[in-house]
Amino acid sequence: LKFIPILEIPFIKTTRKQFVEMLQSHIDKQEKSFVVTANPEIVMHAHQSDEYKKCLHKANYITADGIGIVKAAKIIGNPLPERVCGYDIMIDLFHVSNKKNYSIYLLGASQRVLQDTVEVVKKKYPGINVAGHQNGFFDWKDPSVVQNIKKTQPDLVFVALGFPRQEQWISNHLDHFDKGIFIGVGGSFDVFSG
Ligand code: UDP
């Protein structure tokens, strides 16, 4: 695997297709992985906040979310093949999960958007097992969300708390889990259900 550093953020050199295949192999081996799809806003925030940078450095993979990152890589002479965005990866992973009957946990967004997202997922992808869901306006000190994920052991956890919260939540809690792909997907539930 090759990583291209931009402002101290190591971006994985991969296409969207290769990346999804790699995540699938992690799932099949029951491995744990933390994925950040980083746009320029995220890179700039990490540049300004050491605390947030530490969260990002706990990620196993950081992908180029946006043409700005791909352009920056080209300028420094270390090109990245294409952008690998959170929404696109989420949709690709839904497809794979449908085919392979993976279980997913949906964390984030308003209760309304979350309910709609769960409904659309179940309708469009009947092969997916929705292990659980929780809206994004919960008390982080309440252990029940972590307990619920630990109990249901989902293959994938989509965290739609928006940036920088989603990366903070994942990096704060990752140690509690033995398996699962944890990925921050920003406002993707709103887009998907709308
Ligand atoms: N969100 C959430 N909990 C919060 C704040 C936001 O679940 O405490 C959700 C919000 O409902 C939306 C998503 O996070 O579905 C993205 O929010 P926002 O547009 O603020 O973030 P961005 O798209 O800039 O990452």
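The values are calculated or read from the model by the stated rules, or taken from the named source; none is laboratory data. Note that this is a predicted model, so its numbers are computed, not measured. To get the accessible areas, we keep the full protein, side chains included, count just its heavy atoms, and leave off ligands, DNA and RNA. Shrake-Rupley method; radii C 1.70, N 1.55, O 1.52, S 1.80 Å.
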Check: How far is the Cα center of the stretch 105-127 from the Cα center of the stretch 129-185, in Å?
Finding: 15
Check: If ligands, DNA and RNA are left out, what is the accessible area of Asp92 with a 1.4 Å probe, given in Å² to the nearest 10?
Finding: 30
Next item on the list: Give the share of C-alpha pairs in each 5 angstrom bin for the stretch 76-161, from 0 to the last occupied bin, in whole percents, shortest bins first.
Entry: 3, 13, 22, 23, 16, 9, 6, 4, 3, 0
Next item on the list: Round to the nearest 10 and report in Å² the accessible area of Tyr125, as given by a 1.4 Å probe over the protein chains' heavy atoms.
Entry: 10
Margin query: If I take all pairs of Cα atoms in the chain, what percentage of them are more than 30 Å from each other?
Written below: 15
Next item on the list: Might you work out the accessible area of Arg83 for me, using a 1.4 Å probe with all protein chains in place, and round it to the nearest 10 Å²?
Entry: 120
Next item on the list: Starting from the Cα-Cα distance between Glu82 and Gln115, subtract it from 0.36 nm times their residue separation and give me the gain in nm to one decimal.
Entry: 8.6 nm
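With each run of n ≥ 4 DSSP H residues scored as -39500 (n - 2.57), what mean residue ellipticity at 222 nm is computed for the chain after dividing by its residue count and rounding to the nearest 500 deg cm²/dmol?
On the way: 9 runs with 92 residues, N = 194.
Taking each H run of at least 4 residues, the total per residue is -14000 deg cm²/dmol.
Over the stretch 3-190, give the accessible area per residue in Å² for a 1.4 Å probe, as an integer.
Values: 8880 Å² over 188 residues.
Normalised by residue count, the accessible surface of the stretch 3-190 is 47 Å².
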Check: Among Phe34, Phe138, Phe11, whose mean-square fluctuation peaks in a Gaussian network model of the chain (Cα, cutoff 10 Å)?
Finding: Phe138
Check: In the chain, which whole DSSP H runs stretch at least 15 Å along their own axis (Cα) and average -1.0 or higher on the Kyte-Doolittle scale?
Finding: 16-28, 86-100, 111-124
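In whole percent, how big is the carbon plus sulfur part of the accessible area of the chain, probe 1.4 Å, protein atoms only? Please report the intermediate quantities before stating the final value.
Details: 4670 of 9380 Å².
Using a 1.4 Å probe with all protein chains present, the chain comes out at 50 percent carbon and sulfur.
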Note to self: I'd like the antiparallel share, as a percent to the nearest 5, of DSSP beta bridges with both residues in the stretch 3-190.
What the structure shows: 15
